[in-house]
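Worksheet: one structure, shown below.
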Amino acid sequence: KFIKILTRVAAILLLPVLCFGLYMSFKYQSARYDQVSVNQAYNEVFSSVDAITKVTLPDGSKIWLNRSSSLKYPAIFHGNSRSVELNGEGYFEVVSDSKKPFIVKAGEIQIKALGTTFNVMAYPDEDRIETSLIKGQVELERSDIDGNVMPLLKMKQTDLVIFQKSNHEISVHSILDDSYFSWTNGKLVFNRAPLSEVTRKLSRWFNVDIRIQDHEILELQY
């Protein structure tokens, strides 16, 4: 008699338990699918060798990409930060958001800003990464091989910071003119620049291979 009663109770409870199990399984799979979709939903913009490309991010921030540059960013900014990856050179006008700092990953260096205007040059074939701050305030950080982030310094307005990849040395200078971001207006400006730098920028700008036979003149200033 006890077994018959237990069987009837089990039969009555079977349907709601089954429904609940299906509901939780569906909910878990849906949440997992949404999470995967968010993690994989990235956009990547490439600027060709003969054009300057303007990109507007989901938060309204604007970026100009120099020639032969690329920018990777999420379709929607989730979490506590707005993180993008730069390969090449970019001019950033960041929309202010005190709750979500804007982070530019450029090789070993990260540039963190809340709302400001700055220029970053981080071409893979260059031995240095340049950050010039036009307006606002940014913090520079460095990532080690284990992925740990270490603070480097806080930049002030009109600061130019150069990070040498080979020896990790940092130097701070002042922006004296618009030569560091004049490319956004389609101009190359050189102010006492060594000829080695001039030829590299001209090669990239016009997509040609410039070779100087006499290496003694590479350090002459133009």
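Values for this structure:
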{"read-out": "Sequence of 217, 3, 103 when ordered by accessible area, the most exposed leading, probe 1.4 angstrom", "value": "3, 217, 103"}
{"read-out": "Contour minus Cα-Cα distance for residue 126 and residue 216 (0.36 nm per residue)", "value": "30.4 nm"}
{"read-out": "Percent RCO, i.e. relative contact order, over the range 39-104, from Cα pairs under 8 Å lying at least 6 residues apart", "value": "30"}
{"read-out": "Filter on 54/135; 154/187; 54/99 - keep pairs with C-alpha separation over 23 Å", "value": "154/187; 54/99"}
{"read-out": "Segment residue 96-residue 152, extension gain: residue separation times 0.36 nm, minus the distance between their alpha carbons", "value": "17.9 nm"}
{"read-out": "Sum of side-chain charges, residue 209 neighbourhood, beta-carbon under 13 Å (Lys, Arg +1; Asp, Glu -1)", "value": "+2"}
{"read-out": "The range 124-222 - percent relative contact order, Cα under 8 Å, separation 6 or more", "value": "19"}
{"read-out": "Two-site label geometry, residue 137 and residue 167: point separation in nm, points 7 Å out along Cα→Cβ", "value": "3.1"}
{"read-out": "Portion, in percent, of the accessible area of the range 78-222 that falls on carbon or sulfur, probe 1.4 Å", "value": "48"}
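The values are calculated or read from the model by the stated rules, or taken from the named source; none is laboratory data. In this text, all values refer to a predicted model and were calculated from it rather than measured experimentally. Every residue, glycine as well, gets a Cβ built from its backbone with ideal geometry; the counts of neighbours run over all protein chains shown. Accessible surface is based on the protein model in full, side chains and every heavy atom, while ligands, DNA and RNA are left aside. Shrake-Rupley method; radii C 1.70, N 1.55, O 1.52, S 1.80 Å.
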